[in-house]
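Worksheet for the structure shown next.
The values are calculated or read from the model by the stated rules, or taken from the named source; none is laboratory data. Given the structure is predicted, the values throughout are model-derived calculations rather than measurements. For neighbour counting, all protein chains shown are included, and Cβ atoms are generated from backbone atoms with ideal geometry for every residue, glycine included. With ligands, DNA and RNA removed, areas are computed over all heavy atoms of the protein, side chains included. Shrake-Rupley method; radii C 1.70, N 1.55, O 1.52, S 1.80 Å.
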Amino acid sequence: MQLIADNLRAERQRAGLTLSAVARLAGVSKSTLSQLEAGSGNPSVETLWAIAVALGVPFSQLVAAPQSRLRVVRRAERQSVVADEADYAAALLSAGSSARRDVYAVTLEPGSARRSEPHLRGSVEHVVVAAGSVRIGPVGEEVEVVAGDYVTYPGDVAHVSEALEPGTWIVLVMEHPGA
């Protein structure tokens, strides 16, 4: 939580925005934003995405730690951010640098779809299904894909992901527009 708090505060200050302005743009309360910057609370993936979009930064800017040249992310040590409305957890594996891309390992379980609001304009999502099967894509254009399949779609429109069988997980690469 302290990493998220530090990153959030730094990005808000870099953007020259007040707590009130970011809260308004993200559609969250000022008190929630204040608590997050103080390192308290437990933000959902939806809240962090909304804040990232409001700040005009990739989601990874809020959750990523500084990286060295060699980085190993052990499965048992991954830190995930969970969704409020679906059995969905995203763990950042690699944050983009000049490539402007982030890599996530996402676990999904059947029972509820995860609807994502549009990300930064020009964002593209690339997904490889590692295990199980998932219905995924822009709202109204979803496709069913299984282990080994690859799909790509615009991330700057509302989109959905829904596990179709237990133990589903995907590798998600978020491609962001140039700086």
Can you grab the distance from the C-alpha centre of the stretch 32-67 to the C-alpha centre of the stretch 6-26, Å, no decimals?
10 Å
Along the stretch 23-39, Karplus-curve 3J(HN,Hα) (6.51, -1.76, 1.60; θ = phi - 60°) to the nearest Hz, with x for Gly and Pro, reads 4, 5, 5, 8, x, 10, 6, 4, 5, 4, 4, 4, 5, 5, 5, 7, x
Can you tell me which of Glu85, Glu125, Glu162 moves the most in a GNM of the chain? Springs connect C-alpha atoms under 10 Å apart.
Glu85
Between Arg115, Arg14, Arg101, where does the largest GNM mean-square fluctuation fall for the chain, given springs only between Cα atoms within less than 10 Å?
Arg14
Mind telling me which of Ser44, Ser116, Ser60 comes out most flexible in a GNM of the chain, alpha-carbon contacts under 10 Å?
Ser44
Gln35-Arg78 pseudo-label distance in nm [points 7 Å out on the Cα-to-Cβ vector]
2.7 nm
Separation in nanometres of the label points that stand 7 Å from Cα toward Cβ, at Arg115 and Arg9:
3.5 nm
Which log10 I(q)/I(0) values, to two decimals, does the chain give at q = 0.09 Å⁻¹ under the Debye formula with one point per Cα?
-0.30
Nearest-ten-degree value, helix 45-55 long axis tilted from longest Cα axis of the chain
50 degrees
Whole-percent carbon and sulfur share, accessible surface of the chain, 1.4 Å
50 percent
Calculated from DSSP H runs of 4 or more alone, at -39500 (n - 2.57) each and per residue, what is the 222 nm mean residue ellipticity of the chain, nearest 500?
-7000 deg cm²/dmol
